[in-house]
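The values are calculated or read from the model by the stated rules, or taken from the named source; none is laboratory data. Values in this document were obtained by computation on a predicted structure and should not be read as measured data. In this analysis, Cβ positions are derived from the backbone assuming ideal geometry, glycine residues included, and neighbour counts consider all displayed protein chains. Calculation scope for accessible area: heavy atoms of the full protein, side chains included, ligands and nucleic acids excluded. Shrake-Rupley method; radii C 1.70, N 1.55, O 1.52, S 1.80 Å.
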Amino acid sequence: EALTNDCRDVSLDYKLSGPKLSNLPGPTTPATFLDNIKPCTNIGKGDILIPKTSCSVFNSTNLHYVLQNLHIEQLVICGQLTDQCVESAVRDAADLGYFVTVVEDACAAQSVDGHSKGLWGMKGFARIVQTAQVLKELEEARKDGFVAPFPSALLPPVEPYPSMNTSESIIFAAKPSTGGSIG
């Protein structure tokens with residue numbers, strides 16, 4: 001979402017990408033969500049909404065500041081486009097010191113080749129897993145009492161990068177270590 005109605009605040013990359021990215025939702029025309037993935041700001045602690053206006057969420061938002069204030073160390077990232085926004089966010093998050101997990105089958109690109117290139121480009125910056133693995137780890141953590149009910153999915157940290165042999169923006173975050181681990 002742009003911060004201005006005329007999108008003058010969006011990144012040069014977005015402006016050069018054409019009308020789909022240079023005419024983002026804004027203050028008078030906010031983004032809309034499908035009901036089953038709509039952010040929930042009024043249940044439990046609520047989701048935190050942070051609109052972005054550049055390829056990497058870390059470059060055009062205060063996300064890093066918010067995550068630091070919440071004492072978050074680990075991110076689970078999925079979204080689109082794998083080879084653009086997702087990859088940029090993953091690399092920036094890793095450079096900022098977060099333990100990053102990418103959910104390969106919850107990411108998409110404009111082509112299979114673009115998706116594969118994005119996944120390859122994230123190796124070394126993130127642990128790359130399938131949705132089933134993340135759900136299994138969440139369930140195990142929930143059984144152990146480490147996970148708060150959604151929408152506030154705060155997880156204990158996983159062992160960093162247990163397998164880099166598999167390939168690849170909804171973000172779940174983890175609290176600092178409490179002695180437990182997932183997967």
Legend entry - Accessible surface ranking that places the most exposed of Ile128, Ile37 first, with a 1.4 angstrom probe: Ile37, Ile128
Legend entry - Value of relative contact order over region 25-126, rounded to a whole percent, pairs C-alpha under 8 Å and six or more apart: 23 percent
Legend entry - Interatomic Cα distance distribution for region 1-127, bins of 10 angstrom, percent: 12, 38, 40, 10, 0
Inset, instruction - Take the Cβ-Cβ distance between Ser116 and Lys15 as r, set R0 to 25 Å, and report the resulting FRET efficiency rounded to the nearest 0.05. - result: 0.35
Legend entry - region 1-76 shape via C-alpha gyration tensor axes, a/c threshold 1.5: oblate
Inset, instruction - Give me the net charge of Pro51's neighbourhood, meaning all other residues with Cβ under 14 Å from the Cβ of Pro51; Lys, Arg count +1, Asp, Glu -1. - result: -2
Inset, instruction - Give the ranking of Lys123, Lys52, Lys136 by solvent-accessible surface, highest area first, calculated with a 1.4 Å probe. - result: Lys136, Lys123, Lys52
Inset, instruction - With a point put 7 Å past each Cα toward its Cβ, work out how far Lys136 is from Lys123 in nm, to one decimal. - result: 2.2 nm
Inset, instruction - Would you mind checking Lys38/Lys136; Lys52/Lys123; Lys45/Lys123; Lys45/Lys117 for any pair whose Cα atoms are more than 26 angstrom apart? - result: Lys45/Lys123; Lys45/Lys117
